[in-house]
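Bear in mind that the values in this text are calculations on the coordinates, not laboratory data. Just so you know, these numbers come straight off a predicted model, no measurement behind them. Note: ideal-geometry Cβ built from the backbone for every residue, glycine included; neighbour counts use all protein chains shown.
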Amino acid sequence: MQIQSAFNAGMQGLQRASAGITEETININRQTQLNRQQEQDFAVQAETQASPTPPPAAAPVQDVTQSLVRLEQQQLQAQANVRSLRTADEMLGSIIDVRV
């Protein structure tokens, strides 16, 4: 494998991981806002009705949990790509030292 292709692969992987981290962060934020809105709606409903229907809590929690797991996966992917970039950098440094 050429060093330049190792750099390119590491950078592309890091960019994909960064995009995935951004996407999952947005998903978590969106779901948190939705949960807060449902809680507020339930509170208003509780004040106006004698027997309010509880908000659906199982699905939103699961979505947040899945997003957190995917966020952790993206973080690990980013760390692996950074290690790949470091290794390619060290290899290039070694090659330059040997040739000079």
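Results, tabulated for the structure shown:
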quantity	calculated
Gln12-Asn35 FRET efficiency (beta carbon distance; Förster radius 25 Å; 0.05 resolution)	0.10
Summed side-chain charge close to Arg70 - residues other than Arg70 whose Cβ falls under 15 Å, Lys, Arg +1, Asp, Glu -1	-2
FRET efficiency for Gln66 and Gln4, using Cβ-Cβ distance with R0 set to 35 Å, rounded to 0.05	0.40
Whole-Hz couplings from phi, Karplus 6.51/-1.76/1.60, listed for region 73-83; x for Gly and Pro	4, 5, 5, 5, 5, 4, 4, 5, 5, 5, 4
Efficiency of FRET between Thr22 and Val44 - r from beta-carbon atoms, R0 22 angstrom, step 0.05	0.10
